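Right, one structure below, let's go through it.
The values are calculated or read from the model by the stated rules, or taken from the named source; none is laboratory data. All of these numbers come straight from a predicted model, not from anything done at the bench. When we count neighbours, we look across all protein chains shown, and the Cβ atoms used for this are built from the backbone with ideal geometry, even at glycine. Side chains included, ligands, DNA and RNA excluded: accessible areas come from the protein's heavy atoms. Shrake-Rupley method; radii C 1.70, N 1.55, O 1.52, S 1.80 Å.
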Amino acid sequence: MNILQNLNPNMCTNGHLMCAGCFTHLLADARLRDETATCPNCRCVISRDLCSRNLAVEKAVCELPGLCRFCSKELPRALLDKHQTDYCDERIVRCAFARLGCPWSGPFHESGTHAETCLHPNKSGREVLDVLVGLDKEITDEKKLYDSIFDLLSFEKITFNDLQLKPYRTDEYIHKLYYETSRFTAFNTQWVVKARVNEEQRDPTQSCERQLSYQIVLKSKLTTPMAIHYVILKVNTTVYSFALILINDRFIGVFKGPFGDMKLYPRLYKHEFNESSNESPFQIISLHDSHECNKLLAAKAINFRLIMFQMQK
């Protein structure tokens, strides 16, 4: 019931309920197996169009008491999140001196005792220097990433391409799912974007952990090498839509889109395209978790916007 509070229950045409996580997982499994998704209770066909939310059940669940996941105390659900975040004595917290390198974490009611005996606040500056250097490096790397993005956005020549990754099947004995866009033109050059599930895993349906990886493929012949830098950015997009940015000499992965709440994290990569290397390596789309990946797999197609910037030589 704690799951139903956070994930809106879906109902098949015969009235059977599925939490949103299970519903998305069923649709994703069907996509991977090239089958029609069915209700696990009555085996009727399910889809986003055929199923609906059961508002009466949602309301009933919200009115039920819930158990704190830390102390198992029973509370009204309206107060449960606040209790678990700020008031529960059993909630897990980190040491107040974690930034100085202390690895301790434990129940909140033990944090005071630990703080009195923690050795890290008494360490010399030389002893904590390595930890501070690591923190500075993380901040510097993140700042460098965003500085690069803003520099790229200042380019004079920019093009937009709204594309769609469509699902296909390989010709192997076990047909594996992969995604590919149609060819598109940018700055007189032909490109394609491809994506696959769980790298080279033979049957992704056997794994609860799932991830998507993608590559960009140059379809035109080059007379001179083309260096590409690319990154997938943290975005707010639909559960089946995200945006990629491609720069003629730099490729910047996913960019902010107009809808939804897809959770992605930025990663910067580089590849040089030439006559003998017209495909970038597959890079993992840094989604928040497998549930986000299932949201993409459950969709009929993955729509995204490709923004291209041409660098002046």
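Overview of results
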read-out	value
LEU135 being surrounded by 14 or more Cβ atoms within 10 Å (Cβ to Cβ), in a helix (DSSP H, G or I), among the aliphatic types (A, V, I, L, M) and within 27 Å of the chain's Cα centre (by Cα)	no
Out of ARG94, ARG53, sole residue that is touching a residue at least 40 places away in the same chain (Cβ under 8 Å), out of contact with any Cys (no Cβ under 7 Å at 6 or more places or on another chain) and open to solvent by 30 Å² or more (accessible area, probe 1.4 Å)	ARG53
Output for segment 115-129, where each listed residue is surrounded by 10 or more Cβ atoms within 10 Å (Cβ to Cβ) and outside any loop (DSSP other than H, G, I, E, B)	ALA115, HIS120, PRO121, GLU127, VAL128, LEU129
Scan of segment 97-114 for residues that are open to solvent by 60 Å² or more (accessible area, probe 1.4 Å) and in a helix (DSSP H, G or I), ordered by number	ARG99, PHE108, HIS109, GLU110, THR113
Elements of type strands (runs of 3 or more DSSP E) in segment 222-313, at least 1 residues being modelled with pLDDT of 80 or more, open to solvent by less than 20 Å² (accessible area, probe 1.4 Å) and within 20 Å of GLY21 (Cβ to Cβ)	302-310
Selection count, segment 195-211, where residues are touching a Lys or Arg at 6+ places or on another chain (Cβ under 8 Å) and under 17 Å from GLU279 (Cα atoms)	1
Residue among GLN164, GLN190 that alone is farther than 19 Å from ARG31 by Cβ, open to solvent by less than 80 Å² (accessible area, probe 1.4 Å) and outside any helix (DSSP H, G or I)	GLN190
Selection from segment 193-217 of residues that are surrounded by fewer than 18 Cβ atoms within 10 Å (Cβ to Cβ), part of a strand (DSSP E or B) and not hydroxyl-bearing (Ser, Thr, Tyr)	GLN215, VAL217
Qualifying residue in segment 80-98 (condition: under 28 Å from the mean Cα position of the chain (by Cα) and closer than 24 Å to ALA299 by Cβ)	no
Of all residues in segment 56-73 being assigned to a loop (DSSP other than H, G, I, E, B) and open to solvent by 90 Å² or more (accessible area, probe 1.4 Å), the one that is farthest from PHE108 (Cα to Cα)	LYS73
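Condition check ((1) under 30 Å from LYS123 (Cα atoms); (2) surrounded by 15 or more Cβ atoms within 10 Å (Cβ to Cβ); (3) free of Cβ contacts under 8 Å to residues at least 24 places away in the same chain; (4) not assigned by the TED database to the domain that holds HIS120) across all residues:
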position	(1), (2), (3), (4)
THR13	no, no, no, yes
ALA20	no, yes, yes, yes
LEU27	no, yes, no, yes
ILE46	no, yes, no, yes
